[in-house]
1. Between ALA268 and VAL58, what is the label-point separation in nm under the 7 Å Cα-to-beta-carbon projection?
2. Distance between the C-alpha centers of the range 170-225 and the range 11-55? Whole Å please.
3. In degrees from 0 to 90, rounded to the nearest 10, what is the angle of the helix 68-87 Cα long axis to the longest principal axis of the chain?
4. Would you mind calculating the gained length between GLU202 and GLN99 on full extension (0.36 nm times residue separation, minus the Cα-Cα distance), in nm to one decimal?
5. Where both residues lie in the chain, what percent of DSSP beta bridges are antiparallel, nearest 5?
6. Between LYS76 and THR158, what FRET efficiency follows from the Cβ-Cβ distance if R0 is 41 Å, with the result rounded to 0.05?
7. Apply the Kirkwood formula to the range 231-319: the hydrodynamic radius equals the inverse of the mean of 1/r over all pairs of different alpha-carbon atoms; give it in Å with one decimal.
8. So what is Rg over Rh here for the chain, counting just Cα atoms and using Kirkwood for Rh?
Amino acid sequence: MAIEALDLNLLRLMLVLLEEGSVSGAAQRLHLSQSAVSKQLAKLREQLGKPLDDPLFVRAGQGLAPTAKALTLEPKLRQWLRLSCELLIPVGFDPNTDQRQFRASVVETAFPSLMPRVLTDLQVQAPGLRLDMVPGSGDKLEQLARGQLDLLLLARDTDERARPPWHIRDLPALPQQELYTDINVCLVREDHPALDGGWDLERFLDLPHIQIWVEGTELWLMDHVLASLGLKRPVAVQVPDFHSAALMAQHTDMVFTCASVFAHQLAARYALAVLPLPLALAPISYRLMWPPTLDSDPAHRWLRGFIAERSQGLGACGA
């Protein structure tokens, strides 16, 4: 098969179909109609599937399943996409004139501590560079690997007792750097009875706890460590985010646990008091990750350094 006979845009479509598993999903991702994607799939089968004597995709329920041949092509497709992106990388970058746009996802406990200073300074130093924050739903690591995200800031445990996938060793082999580390602390209302007298693990476990869902899970490293000691937090309520937890703690005798930098911001906003976590845990690592296709992009490299500079001083000791 001559390469001139193959529309290279169809290779991008094939990769999206492999990732989405349906025409409707691919259409939404590519901002096309389903009929347009179906027509492109027909062209893909004609131009690539026919010479290979393979349909590439077959119907499976409401979606599409790749054939064995299509699956063997996926690594080569990803390599082709990476090389294609490298060909299009501009030679230089001027923050005063560049008009690039990047998409980022930032974990809730880091956003208010870091992003206001990043976005404010960015408007001054790179006025044409746009950094969009995407909603916090879906598998962000998968979206990063697929190229749907340009930056991902997440938090992972460094404690060896952390279970998969929450330890830094469980992260995929994608480009990344540590921005800062932090520790967990406890938050209660300013006039809470726990502020009078001793504060220890027994007192901590006597209080009703607010449980926060983080990345789709309700159990943290702290819960597993307590379980190994035959102990358990008495959870009184579960909430979807830390601001909800802070509001609950402000008006009740409940306690919740949060990373220190974010905790002090919540304490100031919701009239809360910060107490140490009476349980020894290793620090949390806040890490910036990005897709390999952008590793050598001058604008992206500049932006990563820009964010890293503004994260200096954050953490339990530098907040």
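1. Computed distance between label sites VAL58 and ALA268 equals 6.1 nm.
2. So the separation of the two Cα centres works out to 45 Å.
3. Roughly 80 degrees between the two axes.
4. On the way: separation 103, 0.36 × 103 = 37.08 nm, distance 5.57 nm.
Gain in length upon complete extension: 31.5 nm.
5. Working: 26 of 39 bridges.
Beta bridges within the chain, antiparallel portion: roughly 65 percent.
6. Taking R0 as 41 Å, the efficiency between LYS76 and THR158 is 0.70.
7. Kirkwood hydrodynamic radius for the range 231-319: 16.0 Å.
8. Working: Rg = 23.9 Å, Rh = 22.6 Å.
Rg/Rh for the chain comes to 1.06.
A short reminder: the numbers here are calculations on the coordinates, not readings from a lab. Quick caveat: nothing in here was measured; it's all calculated off a predicted structure. Quick reminder, even Gly has a Cβ in these numbers, built from the backbone with ideal geometry, and neighbours come from all protein chains shown.
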